[in-house]
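The values are calculated or read from the model by the stated rules, or taken from the named source; none is laboratory data. Just so we're clear, the structure is a prediction, and the values are computed from it rather than from any experiment. Glycine also receives a Cβ, built like all others from the backbone with ideal geometry; neighbour counts cover every protein chain displayed. Ligands, DNA and RNA are stripped out before the accessible areas are found, and what is left, the full protein with its side chains, is counted by its heavy atoms. Shrake-Rupley method; radii C 1.70, N 1.55, O 1.52, S 1.80 Å.
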Amino acid sequence: MKFSRLARLALGLMAGASTPALATTQLPTTVVPLHYDITVDPDAKAMSFTGAETITVDVRQPTRTLTLNAADIDISSVTFDGRKAAFALDKASQQLTVTLAGEAARGKHLLGFAWRGRINDTAAGLFAIDYANPDGTPARMLVTQFEAPDARRFAPMWDEPAFKATFRLRAVAPGDQTAFSNMPATSVTKRTDGRKLYSFAETPKMSSYLLFLGMGDVERKTVMAGKTEIGIITRRGVVDQGDYALASAKRLLSYYNDYFGQPYPLPKLDMIAGPGSSQFFGAMENWGAIFYFEPTVLFDAKRATVSGRQNIFATVAHEMAHQWFGDLVTMRWWDDLWLNEGFASWMENKASSDLNPAWDSKASAVAQERESAMAIDATAATHPVIRHVETVDQLGEAFDGITYQKGQAVIGMLESTLGADVFRDGIRRYMARYRYGNTDTDQLWAELSAAAGKPVADVAHDFTLQGGVPMITLTGARCTAGETEATLVQSRFGYDAASKKPQTWRVPLTLGMIGSPATSAIVQGPAPVRVTVPGCGTLVLNRDKGSYVRSRYDPASHAAIVRDYATMALTDRLGTLGDDYALGISGDQDMRLYFDTMAAVGPGSSPLEWSTIAGDFGSLATLFRGTPLEAPLRARAITRLSPMMAQVGFAAQPGESALVTNLREALVGQLGVSGDPGVAAMARRYFAALATDGTAIPPAIRQPILDTYAINATPAEWEALLTLAKATTSPVVRNGYIRLLGVARDDVLARRALDLVKGTEFTAPQRASLLSAVARRHADLAFDFAIANLDLINGLLETSTRAGFVVGLGAGSNDPAMPGKITAFGDRNLPEASRGGMRRALTTIAVRKTEADRVRAAVTAWLADGS
């Protein structure tokens, strides 16, 4: 599963619906499914469906009871080997118990069900996506979302990843629509009522959460990659926007077939574009039928830019990597979710780097994903990569930056340590040995160890079985006879007291002089470690930033780093910017050292460095939002970034680097949010032109220009945006305008946006997105609104977010009263097992206050001296 951009903003901070936590959900293994034969008949108008299934089960021990999962379905009959059986559904545990008249013998049996279910308006189980056709007429697409765990809302199932089985699906669709699933249709039969019955081929053995069904008025376009048919399925009129995704998928399929050493096993691979949105995800790796929301897979050349292409490639690469890591080989239980998501995140970056080298994806990961992971991991709210999951609520919390970004960083560190070829050989061994099966993390370590001829688990366990970020400090470097003896000390990096508690790791570290070969070492424990490095000069720790560690230098060594900054590799320059900013914020070194490093970034520096600085200005302004430092910080951002904006220009140039195009977006966005009058005026001019030309804004600056307009909107301008949102028929563009209605700085306009959340003109996902947007700048308003309208808000939310949404709204507050309000809400509404998001929100607030207090004096002095 891939998170959308908006979902990533809320990763790990969502918590809060008044639903009970589920009990431990692992089912007994005395009876297991072998094959499902499912038929469903949806009524899209009534938002309901009927279903019937026969499950071939293997009774491993004689028993009178069978336990599986079901939720939100009304079961009308149950049979076992053709005879009626009693049943009871425990709604709290979502477990269905079938009781037989007599004991079932060992061996194969047939378990049958009939039921009625509901079609949801948010992404859980079978759900509807409502949109408008180009002529304004309403349309509805039906699709499924089963991770995690919502297959039980579609049919009674053993809805846990270890219970793999084969599936044969049949579905009734309107006569003028098309149905699609994991496998190709083997027959389409016209019924007497004009509707069609689709029968799909049997799937390979797989977990229930990977099953998929969709139907609607769609178009399909295909390409062949060897023997595999790759398709893009979209609403009518936009299928050509899938050309880039199709071409990317074709390249990626060949790349992955080779990398994993196992050819893709299904006859087709469809990419389904849904014209909606989710609070939780942007794409889902259903085997052979990957579902995407449109912005993550369709490229609209009139409205999207290079970053849009990159995001599409990365998302397609992520979901296709899951076809092996997650689908072919699946974690046994959700404790090891990171085996799916961490690896897919790493693989998307590796594939992007290998297939699109001009993007500098490896360096981008240092500046972005590495920093995202460490931001969460260096607080009291951290958790191990491998975390114990007992309840559905805890499972929802597990889809966070630790699982994705830290998982990605740890895998990258192991590849860097073992070598790319050895690491790939270990992955191939793992795939070959466990295909169509389930695994635990230690089975991956065993195969990597076998390939490497040395143990991997000891280092890997240090980074996956405990939370936290190691820090290596260079306390001294002495040059003698052409060699440098470096003294290194390990400690723990953290932003708050809890995350600084002593802890040790075995850290694989490379270090070396700028421009010279690196030396490798394992730094373990708190005692000083001495490492001899060839040569003398400026010593760089964690060369190429391959290890998951913060690097700190003694004063003389840091001064040398700043002096020779421009001669370091790009990954090391970006890593130094990230480390220095974080070390200043954490209090581990003077914040002025970061400002010194920032000053070393000049006109000839990489666009990635300037993008990093633009982001850091945004972070500092957010840290001091609502304080006397906010305005001078915004003014300093304008002063520092405007010359680079002039150098890059507002208009894209033919043949320019993708990195330059992305920098332009970052600069326009940060200058706009900082209140640059020229950018704000430009945004108003461009927005006015949208009234007669929906593509009036050049793609290269479209999104930051719209953001600038909306953030700085006057009441009249906000009303113009609302009018445009209502008139727009394109689902993707309309969703974007609705979100923008929530980002205005003006409190009055934030309240107007909240009025829209209470209305019914927009869909449930759109209203939830609008509320989240308001919370980014008006956390107190959004939180108080949600508390006052809790039943309404819960009705807008996907089940996967209901353990977490409301408290996340308050996480951006600087009001001293907010922690008490969040705690009171949790005490009233959240069982103990569902409070992970609440604790993270409280930690976020506390850490932000501590950080602001810590660096206020240094930031004030820096602003005063004008350097």
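For this structure, a couple of remarks:
- With 10 Å bins beginning at zero, the pair-distance distribution over Cα atoms of region 367-503 amounts to 11, 31, 34, 19, 5, 1, 0 %.
- For the chain, the normalised intensity computed at q = 0.05, 0.06, 0.11 Å⁻¹ comes to -0.27, -0.40, -1.41 (log10 of I(q)/I(0), Debye sum over alpha carbons, equal scatterers, no solvent).
- Of the peptides 182-190, 151-159, the ranking by mean beta-carbon count within 10 Å, highest at the top, reads 151-159, 182-190.
- The ellipsoid that matches the Cα gyration tensor of region 65-148 has semi-axes, each √(5λ) in whole angstrom, of 36, 13, 11, with the longest given first.
- Take region 45-88 with all the other protein chains still there, run a 1.4 Å probe, and you get 51 Å² of accessible area per residue.
- In order along region 166-174, the Karplus-derived 3J(HN,Hα) couplings, from 6.51 cos²θ - 1.76 cosθ + 1.60 at θ = phi - 60°, round to 9, 10, 10, 10, 10, 8, 8, 10, x Hz, and Gly and Pro are given as x.
- Cα gyration tensor, region 747-823 - rounded (a/c under 1.5), prolate or oblate: oblate
- Percent accessible area from carbon and sulfur atoms, region 764-836, protein chains only, probe 1.4 Å: 53
- If you sort the three axes of the alpha carbon gyration tensor as a ≥ b ≥ c, you get a/c under 1.5 for region 203-361, which makes it rounded.
- The fraction of accessible area contributed by carbon and sulfur in region 352-417 is 50 percent, rounded to a whole number (1.4 Å probe; ligands and nucleic acids excluded).
- Sorting 494-506, 356-368 by their mean Cβ neighbour count within 10 Å, with the most densely packed peptide first, gives 356-368, 494-506.
- Given Lys221/Lys268; Lys164/Lys250; Lys227/Lys268; Lys350/Lys545; Lys2/Lys268; Lys2/Lys406, the pairs whose alpha carbons are separated by over 18 Å: Lys164/Lys250; Lys2/Lys268
- Nearest-20 debye value, region 64-134 charge dipole, Cβ charges on Lys, Arg, Asp, Glu: 400
- Per residue accessible area of region 571-636, 1.4 Å probe, in Å²: 29
- Qualifying GluC sites (Glu not before Pro) in region 703-773, where qualification requires a DSSP coil assignment and no more than 13 other C-beta atoms within 10 Å, comprise Glu761.
- For region 498-595, a crude dipole built from +1 on the beta carbon of Lys and Arg and -1 on the beta carbon of Asp and Glu, taken about the Cα centre, is about 260 debye to the nearest 20.
- Among Val774, Ala824, Ala201 the positive-end extreme of the charge dipole of the chain (Cβ point charges): Ala201
- Accessible carbon and sulfur surface of region 251-302 relative to its total accessible area, %, 1.4 Å: 56
- At least 20 Å along the helix axis (C-alpha) and Kyte average at least -0.5, DSSP helices within the chain: 243-260, 306-322, 337-355, 570-586, 607-623, 630-648, 658-673, 764-777, 836-865
- Span from the region 421-462 Cα centroid across to the region 650-678 one, whole angstrom: 43
- Order by protection proxy (mean Cβ within 10 Å, highest first), peptides 70-80, 668-678, 129-139: 668-678, 70-80, 129-139
- Note that region 466-567 presents 41 Å² accessible area per residue, ligands and nucleic acids not counted, probe 1.4 Å.
- Across region 736-867, the mean sequence separation of Cα contacts (distance under 8 Å, 6 or more residues apart), normalised by length, yields a relative contact order of 19 percent.
- Basic side chains Lys and Arg get +1 at the Cβ, acidic Asp and Glu get -1 at the Cβ, and with that the dipole of the chain about its Cα centre reaches some 640 debye.
- Straight-distance crosslink candidates among aspartates and glutamates, where the alpha carbon sits under 19 Å from Lys454 and sequence neighbours closer than 8 are dropped: Glu415, Asp421, Asp425, Asp442, Asp462
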